[in-house]
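Please treat every number below as a calculation from the coordinates, not as lab data. Quick caveat: nothing in here was measured; it's all calculated off a predicted structure. Every residue, glycine as well, gets a Cβ built from its backbone with ideal geometry; the counts of neighbours run over all protein chains shown.
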Amino acid sequence: MTRAVVEVAGDGDGRGASQGQGQGETAGEGAAGGSGRGVERRLLGSLPRRVTVSLGVLAAAQGVLLVVAAGLLARAVAGLDAGPLPLLAVVVGARAGLVWVSARVAGDAAAAVKGDLRAALLARSSAVPVSVPVAGSGLGSGERVTLLTRGLDAVDPFFTGYVPQLLAAVVVPVVVLGRLVVADWASALVVAVTVPLVPVFGALVGMRTAALTGRQWGSLQRLGGHFRDVLAGLGTLRAYGRTGHQSRVVRAMADRHRRATVAALRVAFLSSLVLELVCALSVALVAVPVGLRLLGGDMALETGLLVLVLTPEVYLPLRALGARFHASAEGVAAAGSVFAVLDAPRAPSADRSGERKGAARFSRGAGERPPEIVLEDVTVHYPGAGRPALDGVSLRVGPGERVALTGPSGAGKSTLLLVLAGLVCPTGGRVLVDGVDLAGLVAEPGGAGLAEWRARLGWVPQRPHLFAASVADNIALGVPGATPPQIARAARAAAAEEFVQRLPDGYATVLGEGGAGLSAGQRQRVAIARAYLTGAPLMLLDEPTARLDLRSEQVLVRAAARLLEGRTALIVAHRPALLRVADRVVRLQDGRVAPGPEGAAVAVAAVTGETP
Amino acid sequence: MTSQTTSPSPVTSAPPSLSPDRPVKASAGMWGAVRPHAGRLVLAGVAGVAAELCGLGLVAAAAWLIARAAQQPTMAALSLAIVAVRGFALAKGSLRYVERLAGHDVALRALAELRGRVFDALACASPDPQRHAASAVREGVRDGDALSRMVSDVDAVQDLLLRCLLPAVAAVACAVGGVTVVVLVLPASAVALAAGTVVAGVLLPLAVWPLGRRASERAAVARRQLAVRGLDVWEGAADLAVFGAAGRFADAAGRAARRLERAERACARLAGLVAAAGVAVQGATVVAVVWLGAGAGGGQVEVAVVALTALVTVEATLPLAGAVQRLREIAPACRRVDALLRTPPPVVPQDPLPLPTGPLPVELLGVRVAYPGGARDGGAGGMGGGVGVRVALDGVDVRVERGWRVAVVGASGAGKSTLLAVVAGLVAPSAGSVALAGHALERYAPGDVRAAVRGLAQDAHVFAGTVRANLLLARPGASEAELEAAARRARLLDVVRGLPQGWDTVVGEGGRGLSGGQRQRLLLARALLADPPVLVLDEPAEALDTATADALTRDLLTAPGGGTLLLVTHRLAALGAADQVLVVDGGRVVQRGRHDDLLRRPGPYRDLWEAERLASPAGSGPSCGA
């Protein structure tokens, strides 16, 4: 008889869980599915022991209350007796309270873990530009931002669903089984023998599913990513009249994505079907003798009811565990992406210890003597790159000398500046600053040496980042205590004052994301003002006029000339106007200094006359 | 991204490139994408309802069986119930399986349809920058976050079906079924169960709605702030490191992260409260049902049946609260998609004129383009037309004869790029008219115009796919020789030969793996391969050194054949070869004519020329061209 009371108390879990899985597979972001187990262990490890213990105790208490409630209900029904009902109400209330506390503990733990991961992720900023091919530099900023916000939110089901369920799966079956032993040892024996079947079958089916979905993960990701790529290029598609064609391709790709996903789900859902049947079978094994004994009058109805209400409760937590785990798959994948970013080899430096403090070895300020820079046989080989970006470059830049670097793209010009800024460590050779080895400064513990060195640098990159802050704060990036007159003076020197005053709130205007609202030339002028304000004796300029029209270039070159007055400078430049600011032009090719005559006029002529 | 065959490249074999725009169907909105699959949705819904009812039947039958067995009837009296229990148990599992599979299938079908529709809506929406918030998307979403949002907005349709609609339908069906069972078995208890389901399924979600909205709004604000801070920390990492400000900005980002953490804690607490309330309601309902049932004189069998039925019924209605919560979370996404799909398509002319082939003349008459907002450099971008309006073009008259090669010069922000966009029909002028081959642009089908006027925008997109596929996008079916010719002219050929797999090298999303200069050459080669009747190019040589850039510009201006050319450039050295030069300043054409004529009279063009000459070292200045 009876497949009987099969899962009398509730089955609700399977539903949400399976859909969670669908989510994980359809919308899944980030990491490959394969490394899920390690990620899972690491996530579990990030929970404080106190939380794990509390959740375990709470799960046990809930198990006890479950047993008590079942007993009271069985007695009330069997005896048609309202007596146990008030107590049952109290027990139910207590159970609700435990659920609340447990959810709160798990929710707080999830928030705390996410907070830690976010902090770690934020700390992993890399100062090496994306264009530099550093192996394992991983995701772009946009993807990281998504990971930081929405991506990590997907971790919630792991902590609020899976972890409590994991503890319940360990504790509750034991508690319920204990009560069954007392009520009816014969049934308890059957349960004890069959319960291990659930994890065994779960693991078997799970392994098969994992192998299948793991194989499909990559293609699912790719198919899912197509829509994004096409949207990003919509303007281009329209310009080439390809939107009509793409409209069909979008549907076709989405359809292939659907077929692949459904094929994966067909197997994945089969696993929960198998588990459900295993449980039903086990419960039937218990229920058949109980029914026969009831029929034969060998058992009280109260006991029969109790056994049949409690038996499914032994299997349920174990069965729900798999579903809960699937529901947290997306979160585990997101966490995997975070860990991948965290584990990527750190690009040298760009640490947060680079806070400017009172310099000891090098004094600060406009009056400081410009330094002498000597590069001796400097080589930089990015991991994974075919050939070195810089290959034995030797160069002397005298105090107050302004040297322009030219050469085709990929020649190593930007890398050379990155080395001087301490953003990239040379793999060979050394850099001497007034005779002091830069490597020694960079290696100094606590980053004090590096901070001191950087305090002597001004930096105008090709695409300066403007921060989501006021114009004044953007200019005062390196000198947070600068007064408004100082900031205005820097802006004037950078020819930025006029347009800043035109902004709605002048210097207090808050710039949008990435400094939106300013033209390329205006951004460059803010960057020059930024460098000017530091008063640093060494300036590094990386093609600041690359994207500018002639007039903006003229304005910028004049500003740059003011900036470089009385300072040592290295300027990456292609355009003649900026080259004229330099005393000397050095040409780089394939990571080496190209041989040739030196001296500004000759070199500039050589540069502008060049043909590939 | 591995093999070419499976690569989701925008280029597949070779359907005609002049395919017309697909009109947005009248049944717009998000539901429009679901409607074609209504049959499958109903199937999934029915399977889900049937599974719930089987669960209910299973419990009711089992409870009846146990209680009846205790009364020791004959075995025959129980046989029907035994069969029912077995049948329900088997059916429940299988139906659940069907429901899950059918539900995901229909959700993904709807997603596919919706993606297509959203793409269509974005693709053929009127490119008027003022009308819609999604205008950024129209020109290709450059902003990664807006792009992600658009993609996840569209994905929300899955949740709408799988986490909201189907569970809600099943829950309601189960509630009705459960109450019906109790009414039939022991009517006295029915009131309690009905009340319990209403509390669990209606009142609880209603109570949670406003609380949840406040909490999730706070979290959304905190999330946005964190995103901005994160972007600052990562994108500005080099600047922060060199200027020693990394710590300060990391702290600000950390504060934003902690704010988000607090908001999320509040959300989690609310979720816990809902779960606890569910348990309490369920227990209270069962207590009340047994109390009333026993009080009304129900027997053991009846009370057992109604007690266990009540347990299952209330449990089944609890997911409604979750469905409502999820609905609230995705509602903004659904509204955005809905609004996008309901945006009426641009007016298409009744009888579009056929566009003649070959190079076409272009004419602009009194064209004015004004964008809202934005303070610009007074010297470069013309301010005018009142507060908050930036005039990009104002009163522009231009006539470009058939086959002419025209260069457009001027400062950054002068309106050069806008001029090209107007000619390409990507930006609609707020006043004035644009004519192609003697007729206003509006007289042609928009798709025809886009096919005829093409070219290179500064921020054109490199698709995830091979270099070859990225070029073929411009002209599917182009021969190897044509590919190479375009690549050679764009100075791309050497780049391609240097790539690991040559033409079949896969370039990633956004063209990662290519340097800025390489990327630009690829985009130029694509534009040249397209060889449209009117070619518009925006700074195609920008990333090249001056000598190469000038050679390339001269090549573009003098190459035989090809269509009418509009070329935006900031280098004047090679413009002697242009049929006409337009000098744009502050949104107006301030000078026009041939290079040599312009040089002969004083004016902005000669000023620019002088500046370029002065900037060049003696002896190697730009020559006066042809």
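Summing +1 for each Lys or Arg and -1 for each Asp or Glu, what net charge is found among the other residues whose Cβ lies under 9 Å from the Cβ of residue A:397?
+1
What residues qualify as long-range amide H neighbours of residue B:392, i.e. H under 5 Å apart, gap of 5 or more or another chain, H built at 1.01 Å from N?
For residue B:392, whose amide H was placed from the backbone, the distant partners under 5 Å are B:369, B:370, B:371.
Any chance you could run the full-extension gain for residue B:339 through residue B:251? It's 0.36 nm times the residue separation minus the Cα-Cα distance, nm to one decimal.
The span from residue B:339 to residue B:251 would gain 27.8 nm if fully extended.
Read phi for every residue in the range B:542-558 and hand back ³J(HN,Hα) as whole Hz from Karplus 6.51 cos²θ - 1.76 cosθ + 1.60, θ = phi - 60°, with x for Gly and Pro.
Karplus values, whole Hz, x for Gly and Pro: 4, 8, 8, 5, 4, 4, 5, 4, 5, 4, 5, 4, 4, 4, 5, 7, 10.
If you add up the charges near residue A:96, with Lys and Arg at +1 and Asp and Glu at -1, over every other residue whose beta carbon is less than 15 angstrom from its beta carbon, what do you get?
+2
Can you list the HN-Hα couplings for the range B:191-196, worked out from phi with the Karplus curve (6.51, -1.76, 1.60; θ = phi - 60°), rounded to whole Hz and with x for Gly and Pro?
Listing the rounded values in order: 4, 4, 5, 4, 4, x Hz.
Going by C-beta contacts inside 10 Å, put B:554, A:41, B:255, B:521 in order with the fewest on the left.
Ranked by crowding around the Cβ, least crowded first: A:41, B:255, B:554, B:521.
What is the gain in length, in nm to one decimal, between residue B:152 and residue B:501 on full extension, counting 0.36 nm per residue of separation less the C-alpha to C-alpha distance?
Contour length minus Cα-Cα distance gives 122.2 nm.
Averaged over peptide A:471-484, how many Cβ atoms belonging to another chain are found within 10 Å of each residue's Cβ?
Mean number of neighbouring Cβ atoms from other chains: 2.
Would you please put B:206-218, A:57-69 in order of how densely packed they are, using the mean number of other Cβ atoms within 10 angstrom per residue and starting with the highest?
Per-residue Cβ counts within 10 Å, averaged per peptide and sorted highest first, yield A:57-69, B:206-218.
Averaged across the residues of B:247-254, what count of C-beta atoms belonging to other chains lies within 10 Å of each residue's C-beta?
Mean shielding count: 6.
Over all residues in A:305-313, what is the mean tally of Cβ atoms on other chains that come within 10 Å of each residue's Cβ?
That average works out to 2.
Determine ³J(HN,Hα), in whole Hz, for all residues of the range A:227-233 in sequence, where each value follows from phi through the Karplus function 6.51 cos²θ - 1.76 cosθ + 1.60 and θ = phi - 60°; x replaces Gly and Pro.
Values per residue, Gly and Pro as x: 4, 4, 4, 5, 5, 4, x Hz.
Can you give me the long-range amide H partners of residue A:469? Hydrogens built in the peptide plane at 1.01 Å from N, cutoff under 5 Å, separation of 5 or more residues or another chain.
Answer set, sorted by chain and number: A:511.
Please list, ordered by chain and number, the residues whose modelled amide H lies under 5 Å from the amide H of residue B:585; skip anything fewer than 5 residues away on the same chain.
B:590
With each label point set 7 Å from Cα along the Cα-Cβ vector, what nm distance links residue B:31 and residue A:344?
4.5
In nm, to one decimal, how far is the residue A:193 label point from the residue A:44 one, both placed 7 Å along Cα→Cβ?
3.0
Between residue A:300 and residue A:444, what is 0.36 nm times their sequence separation minus the Cα-Cα distance? Round to one decimal in nm.
In short, 43.9 nm is gained.
Name the residue from B:219, B:252, B:267 whose Cα lies farthest towards the positive end of the charge dipole of the range B:160-313, charges +1 on Cβ of Lys and Arg and -1 on Cβ of Asp and Glu.
About the Cα centre, the residue reaching furthest to the positive side is B:252.
Ranked highest first by the average count of other Cβ atoms within 10 Å around their residues, in what order do B:595-606, A:153-164 fall?
For the peptides B:595-606, A:153-164, the packing ranking is A:153-164, B:595-606.
Quick one: if the Förster radius is 41 Å, what FRET efficiency do residue B:203 and residue B:351 give, using the C-beta to C-beta distance and rounding to 0.05?
0.10
If you count, for each residue, the other Cβ atoms within 10 Å and average over each peptide, how do A:481-493, B:268-280 line up from highest to lowest?
Highest-to-lowest ranking by the protection proxy: B:268-280, A:481-493.
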